[in-house]
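Notes follow once the structure below has been shown.
The values are calculated or read from the model by the stated rules, or taken from the named source; none is laboratory data. Quick caveat: nothing in here was measured; it's all calculated off a predicted structure. Here the Cβ positions follow ideal geometry from the backbone for every residue, glycine too, while neighbour counts run over all protein chains shown. Accessible surface areas use protein heavy atoms only, side chains included; no ligands, DNA or RNA. Shrake-Rupley method; radii C 1.70, N 1.55, O 1.52, S 1.80 Å.
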Amino acid sequence: MRVLLTGIAGFIGSHLAERMVARGDDVVGIDNFDGFYDRRVKERNLAALRGKVELREGDILDAELMGQVFAGGRFDVVVHLAALAGVRPSLKSPARYQKVNVEGTTILADLAIRAGVPRMVFASSSSVYGDSTPVPFREDDRADVPVSPYGASKRAGELVLRAMHGVHGLAVSSLRFFTVYGPRQRPEMAVHAFTRAIERGETITLFGSGTSRDYTYIDDIVAGTLAAVDKRDETFGIYNLGNSHAVALPELVGAIARALGREAKTVAGPQQPGDVQQTFASLERAERDLGYRPTVRIEDGVARFVEWYRAQPQDG
């Protein structure tokens, strides 16, 4: 299978690319190495992929460049992971988030249709559900009251692709990822940031200590994404990829501290703008259509992350 993978140098993208290469897929990867975090982190993510994939450095907003990529040979599927990520940063740069996440998705889908690509897999987010959707979150919930520009941009991307499917027949699987963690997780995300702070003996501020998240290990996310890549139909589908187990913030910190063999120092802080109180995925549809069944418990996933973290250079 020939695959175009955007965001290949990121946390999820690099793991997914390795699995694709291992099973014999021909992968062309795009990444613009955005300065959201240190480029060296992304370069390390790509270490095992060098010489095994075709890597193009560039921006999905560059329609000319992306046109050249599509002109290089027909793809069987486009897997679109590239995006500006993060709820809180989106509050400071809402226009940029809409441009990259919505316009970039639109450019990519349009080029895919013109090039005759039959399928697209889109990385959406549990953030689309906002803070008013009852738990567990189900894919047929309205999801029309996001509480951050990031969540709004992902929902808008879904709607653009729904329109492209309706007008042009592009088959789409939109995957709503729930708080993905594991080796190579972005440095500012909770599991990574808390691990770093506890290891250094620093005090952690627990913003919204009553919040809980459906933390999902990277291997489960990759398995679900590959199932969507391999799906053979002409439909538009939205799928939750989570763990279907909400973990409270103090519970997460405790699991990390135990894995590190250290004591966690914490202070309480207020819930932050853009954050939701709880995420919790219903997985019935993903199990039915994709055979998706997460297998990694939070304790095991955190232990694997800690083992990886301790093997990294200090800047990682």
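Within the range 129-186, being among the aliphatic types (A, V, I, L, M) and closer than 21 Å to Lys92 by Cα holds for Val145, Val147, Ala152, Ala156. Taking strands (runs of 3 or more DSSP E) as the structural unit, no element lying wholly within the range 200-316 holds at least 3 residues that are at positive phi and either at pLDDT below 95 or open to solvent by less than 30 Å² (accessible area, probe 1.4 Å) (or both).
Residues that are out of contact with any Ser or Thr (no Cβ under 8 Å at 6 or more places or on another chain), surrounded by 21 or more Cβ atoms within 10 Å (Cβ to Cβ) and either at pLDDT below 95 or under 17 Å from Val121 (Cβ atoms) (or both): does the range 71-79 have at least one? I'd like the intermediate steps shown before the answer.
Narrowing the range 71-79 to residues out of contact with any Ser or Thr (no Cβ under 8 Å at 6 or more places or on another chain): 71-77.
Now restrict to residues that are surrounded by 21 or more Cβ atoms within 10 Å (Cβ to Cβ): 75, 77.
Then keep just the ones that are either at pLDDT below 95 or under 17 Å from Val121 (Cβ atoms) (or both); that gives 75, 77.
Yes, the range 71-79 contains at least one residue that is out of contact with any Ser or Thr (no Cβ under 8 Å at 6 or more places or on another chain), surrounded by 21 or more Cβ atoms within 10 Å (Cβ to Cβ) and either at pLDDT below 95 or under 17 Å from Val121 (Cβ atoms) (or both).
Pairs are defined by a Cβ separation below 8 Å, a sequence spacing of at least 6 or placement on different chains, a first member in the range 51-65 that is within 13 Å of Ala82 (Cα to Cα) and among the hydrophobic types (A, V, I, L, M, F, W, C), and a second member that is in a loop (DSSP other than H, G, I, E, B) and open to solvent by less than 60 Å² (accessible area, probe 1.4 Å); the pairs so defined are Ile60/Ala82.
If the condition is being open to solvent by less than 10 Å² (accessible area, probe 1.4 Å) and part of a helix (DSSP H, G or I), then the range 171-196 contributes Val191, His192, Thr195. Selection within the range 28-38: residues that are in a loop (DSSP other than H, G, I, E, B) and touching a residue at least 12 places away in the same chain (Cβ under 8 Å). The member of this set that is most open to solvent (accessible area, probe 1.4 Å) is Phe36. Scanning the range 135-170 for residues that are touching a residue at least 40 places away in the same chain (Cβ under 8 Å), within 16 Å of Arg285 (Cβ to Cβ) and open to solvent by less than 30 Å² (accessible area, probe 1.4 Å) gives Phe137, Glu139, Glu158. Could you go through the range 202-215 and let me know if any residue there is under 21 Å from Thr6 (Cβ atoms) and in contact (Cβ under 8 Å) with a residue 40 or more places away in the chain. Within the range 202-215, not a single residue is under 21 Å from Thr6 (Cβ atoms) and in contact (Cβ under 8 Å) with a residue 40 or more places away in the chain. Scanning the range 44-67 for residues that are open to solvent by 60 Å² or more (accessible area, probe 1.4 Å), assigned to a helix (DSSP H, G or I) and not small (Gly, Ala, Ser) yields Arg44, Glu64.
Look at the range 293-309: where a residue is touching a residue at least 24 places away in the same chain (Cβ under 8 Å) and a partner is of a type outside the set (Phe, Trp, Tyr) and not in a helix (DSSP H, G or I), sitting 6+ places away or on another chain with Cβ atoms under 6 Å, you get Pro294/Asn243; Ile298/Val247; Phe305/Gly182; Trp308/Pro183. Condition check: touching a residue at least 60 places away in the same chain (Cβ under 8 Å), among the hydrophobic types (A, V, I, L, M, F, W, C), out of contact with any Pro (no Cβ under 7 Å at 6 or more places or on another chain) and within 30 Å of Leu206 (Cα to Cα). Does Ala246 satisfy that? Yes. Within the range 1-27, the set of residues being open to solvent by less than 20 Å² (accessible area, probe 1.4 Å), farther than 17 Å from Ala83 by Cα and part of a strand (DSSP E or B) comprises Val3, Val27.
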